[in-house]
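As structure tokens, the structure follows; a few thoughts come after it.
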Amino acid sequence: MSIKEKQVQLARYRLKQAKETVDEAEYLFEGGKSPRSVINRAYYAMYYSILALLIFEQFVSSKHSGMLSFFNKQYIKNEIFPKEMGRWINKAFELRQQGDYRECADLAYEQVEPYIEYAKTFIQRVEEYLGKNRFA
């Protein structure tokens with residue numbers, strides 16, 4: 001298997017992870033589970049999508065903030081993806097950080113609900129981009 005084929009295989013795996021993770025976010029939301037868990041899954045769905053993109057880049061970061069910075073610089077600033085996608089992932093990251101690491105941080109269902117659809121759209125746009133530019 002060539003390097004390109006391995007990259008494509010791994011990117012497809014990351015997109016599969018993203019789709020499964022957004023399904024988990026929706027399941028948790030519909031089941032009335034904690035908004036903290038919902039935003040965690042919605043954020044990770046977008047995160048896995050970005051990982052699919054980064055497979056084709058000469059970039060490595062052990063931190064989410066580094067990955068987000070690269071995504072915003074490379075893909076949002078260069079208008080490969082719309083600015084709203086940068087806002088979605090950045091706000092989801094912030095909300096996930098709040099829910100996961102701040103003491104007594106309460107998130108509301110109304111606050112996290114839109115991120116399920118944002119994550120679905122995010123995945124779709126990344127998949128379309130990869131289909132046109134990397135998988136071909």
Practice item. Would you mind telling me which residue in Tyr101, Tyr43, Tyr118 has the biggest mean-square fluctuation in a Gaussian network model of the chain, where springs connect alpha carbons within a distance under 10 angstrom? Key: Tyr101
Check your understanding: From the list (1) 161; (2) 100; (3) 111, can you say which value of volume of the Cα convex hull per residue in Å³ was derived from the structure given?
Key -> (2)
Revision key, fill the gap. Neighbour-count ranking for Ile3, Ile55 (other C-beta within 10 angstrom, fewest to most) reads Ile3, Ile55
Practice item. Would you compute, from DSSP H runs of 4+ residues alone, the mean residue ellipticity of the chain at 222 nm, taking -39500 (n - 2.57) per run and dividing by the full residue count, rounded to the nearest 500? Key: -24500 deg cm²/dmol
Check your understanding: Relative contact order of the chain: what whole-number percent is it, with Cα pairs under 8 angstrom and at least 6 residues apart?
Key -> 34 percent
Review point. Gaussian network model of the chain, Cα springs within a sub-10 Å range: biggest mean-square fluctuation belongs to which of Glu26, Glu94, Glu103?
Key: Glu103
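Computed from the coordinates by the stated procedures, all read-outs in this text should not be read as laboratory data. Bear in mind that the values here come from a model prediction, so they are computed numbers and not experimental data. Every residue, glycine among them, receives a Cβ derived from its backbone with ideal geometry; neighbour counts consider all protein chains shown.
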